[in-house]
Amino acid sequence: MRETNLKRTKRGYVRNLGKLPNGSQPKFYLGHDKEAAVARLEAITTLWKEFVRWLRRDTWDEWHLNAAKAVAQGEPLVVLKYSWEPEDKLFQRFNDWSRQLKVPVVIDPSCEHLLQVGREAQVRAVLQSQKELAEALGTPNAVGQNLHDAIEAYRQHIQRDYLDPTDGTLNDNGKTKIDQLKTIITYVPNLDLGALDYHGTDELFAIFRRRPVSKRFGTPMRRKSCSNYIGELGRFLHWMHLSKDWNWRKPEDYDAISRRPRELDIDVEHEAKEVETWTIDELKLLNEYALPIERVFLLLGLNAAYGADQAGRLRVSHLHFADEEGKHSFIKRIRRKKKTRSLHLLWRQTEQALRWASERRKKQTHPEDFLLLTDKMHPYWDKTKAGNRKQAIPNMWKRLLDRVSKDHKIRRLPFNSLRDTSATFIRNIAGGETASLHLAHKHQSKDEHLRRYTNPARKKHYKALRKLERMLQPVFDAAGPEPFATQRKNYIGLEKIKQIKQLHGNGIRPTDIAKTLGISTTTVYRYLPKEEVVAQPEPTATESVTT
């Protein structure tokens, strides 16, 4: 710790370190001797870092805060011995601190203090679960294989078996599994597999059943997240049960273990919350300010209820344009994850948008037939080198919202809210079954087997789409007579561009428009039709003097 970080006051050296549950920082008075203050600060910093690391907290609790304040007053640094921490690691840390720190270090043999100072129920439950699990470290049934090594082996199995056959990279399902395992391994203790009898395995699931505190947000983990982690934990244990490399088998009554996360009041409030959707007035603004490529995504979201995934993965082969009058253009594709056919009749402006995108695509090169590519010839739905999804579509949507926000107040809903908006409109027009068909869900009714005996009511869906098209006509009109004409990316706001054209139409010269609006003359010329600029040339020096 650098000495410059210490502040000298009338009461000696002072330093704020860490965070309290209310968001403020505690202040530690370290005495008047600078050398002793530096040593005490190092000891408190060590306690804070180790406290966060081992207890997975981002705020001081009462016990550790009192211990830190005692160190600031010159007392020894007290280190708690947690029952799930291996003896060798504990004493190795103790020896390291004893050599490095210039204050005495004392080991308290128990962590029961933490369970008696009124900490949150969620944290107490997690600590208790981990404590009970890790007590089995000294079990006579130890097999010499530990849990974290088994999880790592399972991760490598995922890396091998979940590859995309087209490009050899990890597919989305595999990436999700690996991300979940990275989180799981930070919450479960590194036990010997011999500890995972019925009770040990039940306590393993209980870590997520009890909704642990999220390290990222500091609040109880979302119920859906816990369900996902419990599901992946179960798949990992099933894999380990069948593997010949790991000496563990499912205990008797394994199937009786509960995998249902507990419900909190916040879950009820979240479920009762209505889905946020766009209004027609907001959609008019979005379509008016959108660039042609942004307008394509906007119309796909409204016409076909496409989110970022479906729109980014749309291929040229999915498009079917009508060759004769009286026939309809449509998008036809298969949702492989749901094993359903997605079929959407195209509106007039959506068809115009996709024809424009098809012509644009002919000028671009890519080994696959993705319809929508960026200016750098990459699909909008692509992966980074690390296998994460790129943010091309969310970033594009953010730029559109930023452009609208320059002139109007508008909510900043995510791109996928277009899918919610479209489905809500269709449900209001034709009911829930048609809305499920519109979303290409696997089941359109409560009867999960109905799809095996009947065909979807597609004519009803087409009629609902035509009715929605008429309802959204003001949205289409907002794009102007040529919605897919070449447009520059405007950075001065659409309202100011309208003012430029209006003032120029009133006979105001470009130089005067620039002064009135506080922009450069070059910017004014950029947004004027060339023929109008030629018709009204700038005055010569002689004309100006005469005037």
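Residue 428 falls short on exactly one of the conditions (1) over 30 Å from the mean Cα position of the chain (by Cα); (2) part of a helix (DSSP H, G or I); (3) farther than 19 Å from residue 346 by Cα, and that condition is (1). If you go through the range 247-288 and keep only what is under 25 Å from residue 426 (Cα atoms) and not in a loop (DSSP other than H, G, I, E, B), you end up with 270, 271, 272, 280, 281, 282, 283, 284, 285, 286, 287, 288. Selection within the range 60-78: residues that are buried (at least 16 other Cβ atoms within 10 Å of the Cβ) and not in a helix (DSSP H, G or I). The member of this set that is modelled with the highest pLDDT is 60. Going residue by residue through the range 331-349, is there one that turns out to be under 22 Å from residue 465 (Cα atoms) and of a type in the set (Gly, Ala, Ser)? Yes, there is a match, as at least one residue in the range 331-349 is under 22 Å from residue 465 (Cα atoms) and of a type in the set (Gly, Ala, Ser). Checking every residue in the range 391-405 against the condition of being assigned to a loop (DSSP other than H, G, I, E, B) and either surrounded by 20 or more Cβ atoms within 10 Å (Cβ to Cβ) or modelled with pLDDT under 95 (or both) gives at least one match. Does the range 314-331 hold any residues that are loosely packed, with under 13 Cβ neighbours inside 10 Å and closer than 16 Å to residue 372 by Cα, and which are they? Passing the criteria: only 317.
Pairs meeting the criteria (first residue in the range 236-265 and closer than 24 Å to residue 179 by Cβ and in contact (Cβ under 8 Å) with a residue 60 or more places away in the chain, second residue surrounded by 14 or more Cβ atoms within 10 Å (Cβ to Cβ) and among the basic types (Lys, Arg), beta carbons under 7 Å, at least 6 apart or on different chains) are lacking. I'd like to know if the range 272-282 contains one or more residues that are crowded, with 17+ Cβ neighbours inside 10 Å and without any contact (Cβ under 8 Å) to a residue 60 or more places away in the chain. No, the conditions are met nowhere in the range 272-282.
Selection of the range 502-516 for residues being part of a helix (DSSP H, G or I) and surrounded by fewer than 16 Cβ atoms within 10 Å (Cβ to Cβ) yields 502, 505, 511, 512, 515, 516. Of the listed requirements (1) surrounded by fewer than 15 Cβ atoms within 10 Å (Cβ to Cβ); (2) more than 18 Å from residue 441 (Cα to Cα); (3) within 22 Å of the chain's Cα centre (by Cα), residue 348 misses just one: (3).
Answer yes or no: is there a residue in the range 367-386 that is in the same structural domain as residue 301 (by TED's automatic domain parsing), more than 20 Å from residue 295 (Cα to Cα) and of a type in the set (Lys, Arg). Yes, the range 367-386 has at least one match.
The values are calculated or read from the model by the stated rules, or taken from the named source; none is laboratory data. Quantities reported herein were computed from a predicted structural model and do not represent experimental measurements. Please note: Cβ atoms are built from the backbone with ideal geometry, for glycine as well, and neighbour counts cover all protein chains shown.
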